[in-house]
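The values are calculated or read from the model by the stated rules, or taken from the named source; none is laboratory data. Only a predicted model underlies this, so the values are computations on that prediction, with no experimental measurement involved. All Cβ positions, glycine included, derive from the backbone under ideal geometry; neighbour counts span all protein chains shown. Surface areas here come from the heavy atoms of the whole protein model, side chains and all, with no ligands, DNA or RNA. Shrake-Rupley method; radii C 1.70, N 1.55, O 1.52, S 1.80 Å.
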Amino acid sequence: MSGLGIRLLVALVVLGVAWLALAWVNRLAPPRDRPESKAITGTDDTRLGRALDGQVRAHPDHSGIWPIDDGLDAFADRALLAEAADASLDVQYYIWRADMSGILLAEALYRAARRGVRVRLLLDDNNTAGADPMLAALDSHPNIEVRLFNPFAIRRFRMLGYLGDFRRLNRRMHNKSFTADNQATIVGGRNVGDEYFNAGQAMRFVDMDVLAVGPVVRDVSTDFDRYWESASSYTLGSVLGDAAKVDPELVSRHVSIVESEPRVREYLEAVRDSGFLRDLLEGRLSFEWTRVQLLSDDPAKALGRATPEGLLTHRLRRVLGGAEREVLLVTPYFVPTDAGVEALSGMVARGVDVGVLTNSLGATDVVPVHAGYAKHRGALLESGVRLYEMKREAAGDGQRDQHRLVGSSSSSLHAKVFSVDRERLFVGSFNFDPRSANFNTEMGMLIDSPGLARAMADNMRAVLPGLVYEVKLGDDGKLSWIERRGGVDGGVSDTPIVHRREPDAGFWSRVGVWITSRLPVEWLL
């Protein structure tokens, strides 16, 4: 063997040993010694229970739905639910940032615990880098337990974990729910972070949640217990071990620093001015009372062990496949794959009007995912699917109430919503991409409500023309982006602007999309 061959062999052996070492360091034994706990029942005598009792009794077998499409309202509703809780808070998120809103909501949980509320916080571990001290401070309170879903054994250099255990760590918990006293819950697309709550970020996510009361809340609590007790859920102490540095006053100190900023005081003043809690406790919220189903993945999906019947996609296919007249999809990360193109094209072929709203390249926060969508645009348009791409600068001038679901200045779409035949509405965490379908666990609510479904469709048709690019396919097979801007009277100009290439996107973004769309990575997007 030549000298070069020997060196290559040695290098391969070294790499193999290093990989085995990483796999060993990153291994996780099954969770053990976890305290047993279940959702607290018998909460009818709590403030929330007493406030909702009359409405729930008046609508047997129905749940009440209150849409939350404004970011500030979304933060206020969570913070005020925590304030209203008397018995329990069960909270489950994919992302919880240590920014202004994240710190303030963490303190809301801590305050609830100090007045005797049991708090269970389940976070996916993919986005907790640097948060271990804050989580340890929360977990140190006797009324709070923090668990991490599918945790990284290597805490400091997490990317090394992917090298040693990619198959496991590539699967994440994308669920989002905030449940108080087993009486009221917020479910939808928002994580916890300033960009989700219109909290002064240059980029704001346009998103959608629903507040639900009634029978579906018990389903959410049961589902939370499923994830809390799953084989991927680890106590914080078992993950951090001796490295945990507990400082019980850390949360309060962070809050003091945050509240010293003028913009934070203004934000909190707006929260205090919200009439949400008062209206909720006095029975004045105008809920839509209807049949609501919770759709959720089996948590075994995070280990690749869920049966097809245990997957949310199994139910979604049946709902979408039953469409007779119209399907409207709103999804920030749209990667339809060949199978999805075939399914949507089949709907159009049988007379269903199919429209899709997703992010433009200029608005998306994940450029590689846009590549997985861009490669299928031509086929979708050729089949008759209507495509709309949200502008980055979607709105402005303080038009908070007008645009609601579909825009604010410097926006990126993050809502995951679809309506079927203007009769049923899905709101949740599910993106129409392979990652949501195959790797991440997801959840959402399927709402039988012609009123809400029509409102979504009418709202989109009313405000979309000025907020999006409509993508068209020319006779020459090339794409164009049709932009309609506001006129002098505040309406939409009749004279469209036609873009012949991806608008609001730089050269390197377009090059990145072109390259990524030709790589065999669609299954990861």
Which residue pairs have Cβ atoms under 8 Å apart, sit 6 or more places apart or on different chains, and have a first residue in segment 421-439 that is closer than 25 Å to residue 304 by Cα and a second that is charged (D, E, K, R) and open to solvent by 20 Å² or more (accessible area, probe 1.4 Å)? 434/522; 439/171
What number of residues within segment 164-214 are over 18 Å from residue 128 (Cβ atoms) and either among the polar types (S, T, N, Q) or touching a residue at least 12 places away in the same chain (Cβ under 8 Å) (or both)? 31
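Please go through segment 507-525 and pick out each residue that is among the small types (Gly, Ala, Ser) and open to solvent by less than 40 Å² (accessible area, probe 1.4 Å). Spell out how you get there, then give the answer.
Taking segment 507-525 as the starting set, the residues that turn out to be among the small types (Gly, Ala, Ser) are 509, 512, 517.
The answer is 512, 517.
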Here is a list: 47, 78. Which entry is over 30 Å from residue 330 (Cα atoms), modelled with pLDDT of 90 or more and buried (at least 17 other Cβ atoms within 10 Å of the Cβ)? 47
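Quick test for you: out of 397, 448, pick the one residue that is open to solvent by 10 Å² or more (accessible area, probe 1.4 Å) and at pLDDT below 80. Full working, then the answer.
Values: 448 fails: at pLDDT below 80.
The unique qualifying residue is 397.
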Can you confirm whether segment 139-155 contains a residue that is assigned to a helix (DSSP H, G or I) and closer than 21 Å to residue 228 by Cα? yes
Out of curiosity, is residue 136 at pLDDT 90 or above and crowded, with 23+ Cβ neighbours inside 10 Å? no
Tell me which of these residue 439 doesn't satisfy, since it passes every other one: (1) crowded, with 22+ Cβ neighbours inside 10 Å; (2) at pLDDT 95 or above; (3) more than 21 Å from residue 325 (Cα to Cα). (1)
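Table: residues versus (1) out of contact with any helix residue (DSSP H, G or I) (no Cβ under 8 Å at 6 or more places or on another chain); (2) under 26 Å from residue 275 (Cβ atoms); (3) not small (Gly, Ala, Ser).
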| site | (1), (2), (3) |
| --- | --- |
| 53 | yes, yes, yes |
| 75 | no, yes, yes |
| 83 | no, yes, yes |
| 135 | no, no, yes |
Is it the case, given these coordinates, that residue 102 is farther than 19 Å from residue 31 by Cβ, in a loop (DSSP other than H, G, I, E, B) and not hydrophobic (A, V, I, L, M, F, W, C)? no
Breaking point among (1) at pLDDT 95 or above; (2) farther than 30 Å from residue 265 by Cα, for residue 153: (1)
Among the listed residues 387, 344, 361, identify the single one that is in a strand (DSSP E or B) and either of a type in the set (A, V, I, L, M, F, W, C) or at pLDDT 95 or above (or both). 387
Out of segment 38-51, which residues are under 15 Å from residue 117 (Cβ atoms), assigned to a helix (DSSP H, G or I) and in contact with a helix residue (DSSP H, G or I) (Cβ under 7 Å, 6 or more places away or on another chain)? 47, 48
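Residue by residue through segment 461-473, note down the ones that are of a type outside the set (D, E, K, R), farther than 13 Å from residue 501 by Cα and open to solvent by 10 Å² or more (accessible area, probe 1.4 Å).
Initial filter on segment 461-473 (of a type outside the set (D, E, K, R)): 462-469, 471, 473.
Those still in the list that are farther than 13 Å from residue 501 by Cα too: 462-468.
462, 463, 464, 465, 466 - these are the residues of segment 461-473 that are of a type outside the set (D, E, K, R), farther than 13 Å from residue 501 by Cα and open to solvent by 10 Å² or more (accessible area, probe 1.4 Å).
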Hey, could you check segment 171-193 for residues that are polar (S, T, N, Q) and either open to solvent by 10 Å² or more (accessible area, probe 1.4 Å) or assigned to a strand (DSSP E or B) (or both) and say which is farthest from residue 47 (Cα to Cα)? 177
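Residue 506 - would you say it is on the phi > 0 side of the Ramachandran plot and at pLDDT below 90?
Working: on the phi > 0 side of the Ramachandran plot: no; at pLDDT below 90: yes.
Judged against the criteria, residue 506 is not a match.
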Considering only residues that are closer than 24 Å to residue 117 by Cβ and open to solvent by 60 Å² or more (accessible area, probe 1.4 Å), which ones fall in segment 54-70? 66
